[in-house]
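Structure, as structure tokens:
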Amino acid sequence: MKIERAQHARMSESGSSLLRLIQNHELPVVDLLVRESIQNSLDASLDSSMGSFVEVHFNVGEFDPTKLGPHLEGITESLDRRFGSASQQYVSIRDYGTVGLTGPMHSDEIRDNDFGNLQKLVYEISKPQQKLGAGGSWGLGKTVYFRVGIGLVLYYSRIWTGSSYESRLAACLVEDEKLTDALLGKSGHLDRGIAWWGQAYGKDSTIPLTDEEEIAEILSIFSLTPYTGDQTGTTIIIPFVSEEALLSDASHNNDQAGSVIRYPWMVSLEEYLKLAIQRWYAPRLHNRSYSLGSYLCAFVNGDPITKNDMMPVFQVIQALYNRTDAAAQNNLDDILSEYGLDCGMEPISLHMVFKHGSKAGQVAFVVLSKRQLKMAPPHNNASPIIHLGKAQSDPDSNPPIMAYTRKPGMIVSYEIVGPWVNRIPHTGPDEFLIGIFVPNKDNELRDEYRGMSLEEYLRGSEQADHMSWTDYAIDSRRPGIIGKIRDQVCRKVANVYRDQPNRSETKHLGGLGRALADILLPPEGFGTRPSIEPSRKKESKPNPRRKQRLTLDIVDRPSFNRGAVHVPFVLSFGRTTTEVILAVVAQTEGSTLKPDDWEDPDEIGTDFPIRLLGLDIHKIVTGKRQRPFEPSDFGITRDSSELVQCKNVGLSLVSSRRGRVPFGVRITVPENTGYSLHGVMKMQSTDTLVHAGLAIIDRKDLSS
């Protein structure tokens, strides 16, 4: 094949810049490849009626590089130097039942700005899908193909032109032009690191090969055969991939010793592909009830992924998805039916947003046990959270799992922390709450929001990697649709879950806390406000009644030091008591959970997750007509075992009911003259999903 080197032009991309366009560091490259390639295939379906399907075949194999090199003019010797004759790996993605790479063969033939599939995928960048309900809205997702191997990608397609079948094959290389061993070498003048191969077209340009014999010869290098009969579709071939590197990139879960946990899907690239396909396309994979177009039939090295092959968590996702679709209600033979489980179903309604009605979608959710998810012998499946690519951080409770998707059926994201789930209680260690939000895609927004459909709004809210929905303004108006949807999902699921009878729910509301001491407030009834505004400190006048009662004020923002939080406070004893316990507590939604309550077997039953590191007192006010005393070194640490005193003020540690976690300091003053102590409480959390608070606890409230 002839080479066409990309020439420098104004505002043109280079290879190095293209490779940076989608630098998603959260997802492994293989996951990005699965998401992008399958979405391209589903968007190009020949038949979008219910009951039709698109086949997508992933293959992992080996090839002889000495047979490929001679077909790639200009880099034959570079490939030989780098790889020699040693067998190399490749990945191919082939679809059937799609229109293929249609459209103009060269940019000279483009009319009315209609680039067509071929030009968009192979020769252009940032040319998104225009089809309503399609996946890509940026035209950048295809850059992942160049990150899987060495940047070399071959594109083969067979299309129906309207009068005959036609085959097309082209290759493209995108590499960092600054590399010293770049395959394209150095021309000495504004190298871009981009090239295409095909048949010659005019001067210094190419178009795809159409010669059937040459195409068949190139495909045979990868043990692939041409499309035949009335078959149309597209095949992406990525040579020179490293299974070891791709699996290493996908290894996010480590054990305590730091070695990679070899889950079953991590033993080979083939097995990981099987899991990734389920992870992102569970709603559409082998789902004959999918009513919004063709469903997906996926194969890996010839093995189909049927509904029975799917991991239980992904069977649950599909079952919940189908329950949000009225057209799928007649065929609900699935994992929920097998266990006789009823799912929760809540409408999500937004007022003053849509032209007609208020329905924005539905959230479906269910609670399943470890046994139902086949985590017990003989199956011994890993946690659903691990299957989602998340870290299982707390062995004593499980965070809620919330997925969301739009028409293409690709899961945008799975959320276990953050605004999609932060009001939903954690379940106990032996069960999981799993849910999915599905939008009412066709509902039209009001005219001030351009009358677009909800599907269009959500599509426009996605970034180039399609990993989240983010609200945006429409003609300077911000409808806030996504934020409102999230709030309702949280509230409605939480309310239904809490109202279920005979459920021993864990009150560990992990989603409420993103970091220790993000919010620090005294308990209700103590103090007039949680903090004092600096600008008003000098203006405030003494309050005679305030001196009479016990108060706790947080007088400045907490500071952070090496994972510890330092909270400055003023504790005023008033004239009613001489002994208090100043303690750290867990802040929950509308209440405070004290350490002993937390460790109660009827509550959470685990060690309290917030630990006292120490307390320092730097000013003592006696309430009498005398100068405050400012000790230079008065405090207590978590290692102190005895009473510490200064000026008859005593400090001693208080531990939780299990005796393992110091959580507070018992403070005594010699008389009820109105003592005030100015100090700093130091604390640390073993669970970053818990809010910390600082509170006064009456000694009668402790069990000890």
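Derived scalar couplings between HN and Hα for the range 436-453 equal 8, 9, 10, x, 7, 4, 8, 5, 8, 6, 5, 4, 5, 10, 6, x, 5, 6 Hz in order, rounded to whole Hz, by the Karplus curve 6.51 cos²θ - 1.76 cosθ + 1.60 (θ = phi - 60°), x for Gly and Pro. Counting only protein heavy atoms and using a 1.4 Å probe, the accessible area of Met310 comes to about 10 Å². In a Debye calculation with equal point scatterers on the alpha-carbon sites of the range 272-330 and no solvent, what is log10 I(q)/I(0) at q = 0.25 Å⁻¹? At q = 0.25 Å⁻¹ the computed log10 ratios are -1.01.
I'd like the accessible area for Val496: 1.4 Å probe, protein heavy atoms, all chains in place, Å² to the nearest 10. The accessible area comes out at roughly 50 Å².
Roughly how many Å² is the accessible area per residue of the range 323-448, as a whole number, for a 1.4 Å probe? Write out the running numbers ahead of the final one.
On the way: 4990 Å² over 126 residues.
In whole numbers, the range 323-448 has 40 Å² accessible per residue.
Between the C-alpha center of the range 49-87 and that of the range 24-45 there is a gap of 19 Å. On the beta carbon distance between Glu73 and Ser248, with R0 = 41 Å, the FRET formula returns roughly 0.75. Put a dot 7 Å past the Cα of Asp108, heading toward its Cβ, do the same for Gln7, and the two dots end up 1.3 nm apart. With viscosity 1.002 mPa s and temperature 20 °C, the Kirkwood radius over alpha carbon pairs of the range 299-450 converts through Stokes-Einstein to a diffusion coefficient of 127 µm²/s.
Sorted largest first by accessible area at a 1.4 angstrom probe radius, with every protein chain in place, the residues Trp420, Trp160 fall in the order Trp160, Trp420. Length gained on full extension, Lys178 to Thr577, computed as 0.36 nm times the residue gap minus the Cα-Cα distance: 136.3 nm. In the range 640-685, the inverse of the mean reciprocal separation of distinct Cα atoms equals 12.2 Å; this is its Kirkwood hydrodynamic radius. Any chance you could tell me what percent of the C-alpha pair distances in the range 21-108 go past 20 Å? For the range 21-108, the share of Cα pairs beyond 20 Å comes to 60 percent. Computed from the Cβ-Cβ distance with R0 of 30 Å, the FRET efficiency linking Ser52 to Tyr339 stands at 0.50.
The modelled label-to-label distance for the pair Ser559/Arg450, using points 7 Å beyond Cα in the direction of Cβ, is 4.9 nm.
Sort largest first and round to whole Å: the equivalent ellipsoid semi-axes of the range 373-474, each the square root of five times a Cα gyration tensor eigenvalue. Walk me through the intermediate numbers first.
Values: eigenvalues 222, 37, 27 Å².
For the range 373-474, the ellipsoid semi-axes come out as 33, 14, 12 Å.
The values are calculated or read from the model by the stated rules, or taken from the named source; none is laboratory data. Because the structure is predicted, anything quoted here is derived from the model rather than measured. Cβ: placed from backbone, ideal geometry, glycine included. Neighbour counts: every protein chain shown. Just the protein is used for accessible areas: all its heavy atoms, side chains included, with ligands, DNA and RNA removed. Shrake-Rupley method; radii C 1.70, N 1.55, O 1.52, S 1.80 Å.
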